[in-house]
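This report refers to the structure that appears directly beneath it.
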Amino acid sequence: MITSNVSRAGHPSRVFVNIATPEGKQTGLITDSVIMTDNLATVLDTEIDKVIVFWSEMSLVDAALRHTLEIL
């Protein structure tokens, strides 16, 4: 889940996206946001209309997912 509620940042399972940075600008998000890997959902491919965000810093999301799923 991605939320614009930045007060949810600051947890190892979450990644803050600052749209003022070059990486944040390329996401296409319109406001600072938090990627929350501790709020996961299964979605069928057929339910996805289009990709709305590109994030070059997937290593940060990978680390957050490892924390969430307790993978060393």
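Any read-out appearing in this document is the output of simple, stated calculations on the displayed coordinates, not a laboratory observation. All values derive from a computational prediction rather than experimental measurement. Heads up, the Cβs are rebuilt from the backbone with ideal geometry, glycines too, and the neighbour counts pull from every protein chain shown.
For the reader, a short list of remarks on this structure follows.
- Summed over the range 2-16, the residues that are assigned to a loop (DSSP other than H, G, I, E, B) and of a type in the set (A, V, I, L, M, F, W, C) give a count of 1.
- Enumeration of residues in the range 43-72 that are outside any helix (DSSP H, G or I) and of a type in the set (Val, Ile, Thr): 43, 48, 51, 52, 53, 71
- Failed item, numbered, when residue 40 is tested on (1) outside any helix (DSSP H, G or I); (2) free of Cβ contacts under 8 Å to residues at least 24 places away in the same chain: (2)
- Residue 58 being closer than 14 Å to residue 3 by Cα and either out of contact with any Lys or Arg (no Cβ under 6 Å at 6 or more places or on another chain) or of a type in the set (A, V, I, L, M, F, W, C) (or both): no
- Condition check for residue 66: among the basic types (Lys, Arg) and either touching a residue at least 12 places away in the same chain (Cβ under 8 Å) or touching a helix residue (DSSP H, G or I) at 6+ places or on another chain (Cβ under 7 Å) (or both): no
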